[in-house]
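The values are calculated or read from the model by the stated rules, or taken from the named source; none is laboratory data. These numbers were taken from a predicted model, which means no experiment stands behind them. Neighbour counts are summed over all protein chains in view; Cβ atoms, including those assigned to glycine, are modelled from backbone coordinates with ideal geometry. These area figures cover heavy atoms from the full protein model, side chains too; ligands, DNA and RNA do not enter into them. Shrake-Rupley method; radii C 1.70, N 1.55, O 1.52, S 1.80 Å.
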Amino acid sequence: MERIIITGALGQIGTELTLKLRERYGEENVLPTDIKEPEDEQLKGKPFEILDVRDMDRLKEIAATFKPDTIMHMAALLSATCEKDPQLAWDINMGGLVNALELSREFSLQFFTPSSIGAFGPSTPKENTPQVTVQRPTTMYGVNKVAGELLCDYYFEKFGVDTRGLRFPGLISHVKEPGGGTTDYAVEIYFEAIRTGRYTSYIDKDTNMDMMYMDDAIDATIKLMEADASRLEDRNAFNVTAMSINPEMVANEIRKHIPAFEVDYDVDPVRQGIAESWPNVIDASHAVRQWDFEPKYNLAKMTEIMLEAIRNK
Ligand SMILES: NC(=O)c1ccc[n+]([C@@H]2O[C@H](COP(=O)([O-])OP(=O)(O)OC[C@H]3O[C@@H](n4cnc5c(N)ncnc54)[C@H](O)[C@@H]3O)[C@@H](O)[C@H]2O)c1
């Protein structure tokens, strides 16, 4: 991994991934792309290309000029957004993925894309969800993610493309607001704690989902991409998680810093339904064994950092 194109680079993950990769590999070796122009001060005025991942000609044009050895494919619609327009979700999530994989085949690129805990469904075991298990999701997002996981495996087996990927849990960060996922509450709650001292949660108080602080997600991504290929038995869609939490747990942790913080509940049936179809806690032991996955942030440490960073904004 030396010259890297990122698709969907202005999103919640892509923004921080771009900054971290630039720090590590040099600004000139990392090319963020997205369907819209950057607004973030840290990305403005730096190398950037407009790219709709459904446009294969443009993708090839950018690759022919930039000459990457790696593509990190982050462009996608997220779970709650997919349910609003499932046809568009298929078009972008599957169409974009096939294009990015085809580009990797043609230009011999190392390839990364995230799957999600959304690739599991109501019939998946909810506790200690294994790496390999029943995957019958009931959302368009989940259908896209399962198909994507299989497609990435196929491109490795059939064409020898060095595909790698993580099944991310909900990711929590203060740099960029989340883009329409079911776990967004876990970011919003921190912003509202600072802004107004109260939060109305659309997820019920005792609904557990896996989560991870963004720094751990970015570190895990880079670690997997740099891992010795001979150790990788699973390759794509590694289960990774740092904590299994619910809104009440987050609220209680925030109250240790802001005792008057108030939370009430106005449960959204769509997102609550999605959350209930996902695991409570997944088993990340394959990632630990095969490439030494080791998250550093638990709920207490993350809460401290989130509140301080948002307060300083
Ligand atoms: N954030 C999370 O909690 C989370 C959890 C699990 C998996 N993931 C996965 O990680 C990846 C990135 O997620 P994110 O949270 O950064 O999403 P996001 O919604 O914040 O960002 C996605 C980016 O893709 C761009 N985009 C949308 N349509 C596009 C198109 N046609 N062409 C090019 N760009 C387009 C958007 O402008 C946006 O900047 C996705 O595959 C997502 O499913 C995210």
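Phe112: open to solvent by 30 Å² or more (accessible area, probe 1.4 Å) and in contact (Cβ under 8 Å) with a residue 12 or more places away in the chain, yes or no? Spelling it out, it is not the case that Phe112 is open to solvent by 30 Å² or more (accessible area, probe 1.4 Å) and in contact (Cβ under 8 Å) with a residue 12 or more places away in the chain. Filtering the range 11-34 to residues that are outside any strand (DSSP E or B), buried (at least 24 other Cβ atoms within 10 Å of the Cβ) and touching a Ser or Thr at 6+ places or on another chain (Cβ under 7 Å) leaves Gln12, Leu17.
Picking from Glu177, Glu188, Glu157, which residue would you name as being closer than 18 Å to Arg311 by Cα and without any contact (Cβ under 8 Å) to a residue 12 or more places away in the chain? Before the answer, list the steps.
Values: Glu177 fails: without any contact (Cβ under 8 Å) to a residue 12 or more places away in the chain; Glu157 fails: closer than 18 Å to Arg311 by Cα.
Unique residue meeting the criteria: Glu188.
Number of residues in the range 15-59 that are more than 26 Å from Asp228 (Cβ to Cβ) and either near the ligand (Cβ under 7 Å from one of its atoms) or polar (S, T, N, Q) (or both): the value is 10. Here are some conditions: (1) surrounded by 17 or more Cβ atoms within 10 Å (Cβ to Cβ); (2) in contact with a strand residue (DSSP E or B) (Cβ under 9 Å, 6 or more places away or on another chain). Ile194 meets all but one. Which one does it not meet? Status for Ile194: all satisfied but (2). When Lys46 is tested against the conditions (1) closer than 16 Å to Asn29 by Cα; (2) part of a helix (DSSP H, G or I); (3) open to solvent by 40 Å² or more (accessible area, probe 1.4 Å), the lone failure is (2). Of the set (1) crowded, with 19+ Cβ neighbours inside 10 Å; (2) over 23 Å from Asn236 (Cβ atoms), all apply to Lys60 but (1).
Give all pairs with beta carbons closer than 8 Å in which a residue from the range 289-313 that is surrounded by 14 or more Cβ atoms within 10 Å (Cβ to Cβ) meets a residue that is polar (S, T, N, Q); count only pairs at least 6 apart in sequence or on separate chains. That search, which allows pairs on different chains as well, returns Pro295/Thr241.
The residue pairs whose first member lies in the range 216-241 and is closer than 12 Å to Pro295 by Cβ, whose second member is of a type in the set (Lys, Arg) and open to solvent by 20 Å² or more (accessible area, probe 1.4 Å), and whose beta carbons are closer than 7 Å, counting only pairs six or more residues apart or on different chains, are Asp216/Lys296; Ile218/Lys20.
Sort through Ala89, Ala80 and tell me the only one that's touching a residue at least 60 places away in the same chain (Cβ under 8 Å), small (Gly, Ala, Ser), within 11 Å of the ligand (Cβ to nearest atom) and closer than 24 Å to Ala237 by Cβ.
Values: Ala89 fails: touching a residue at least 60 places away in the same chain (Cβ under 8 Å).
Every option except Ala80 fails the conditions.
Only one of Val146, Val134 is part of a loop (DSSP other than H, G, I, E, B) and out of contact with any Phe, Trp or Tyr (no Cβ under 7 Å at 6 or more places or on another chain). Can you tell me which?
Exactly one residue qualifies, and that residue is Val134.
Only a single item in (1) among the β-branched types (Val, Ile, Thr); (2) in contact with a strand residue (DSSP E or B) (Cβ under 9 Å, 6 or more places away or on another chain); (3) within 15 Å of the ligand (Cβ to nearest atom) is not met by Ile254, and it is number (3). How many residues, within the range 259-276, are surrounded by 15 or more Cβ atoms within 10 Å (Cβ to Cβ) and more than 21 Å from Ala80 (Cβ to Cβ)? Total meeting the criteria: 1.
Scanning the range 128-151 for residues being within 12 Å of the ligand (Cβ to nearest atom) and within 21 Å of Leu232 (Cα to Cα) gives a total of 3. When the range 135-154 is examined, which residues are found to be of a type outside the set (A, V, I, L, M) and free of Cβ contacts under 8 Å to residues at least 24 places away in the same chain? Matches in the range 135-154: Gln135, Arg136, Tyr154. Counting just the residues of the range 157-183 that are more than 9 Å from the ligand (Cβ to nearest atom) and surrounded by fewer than 18 Cβ atoms within 10 Å (Cβ to Cβ), which one comes out nearest to the chain's Cα centre (by Cα)? Once the filter is applied, the top-ranked residue is Val175.
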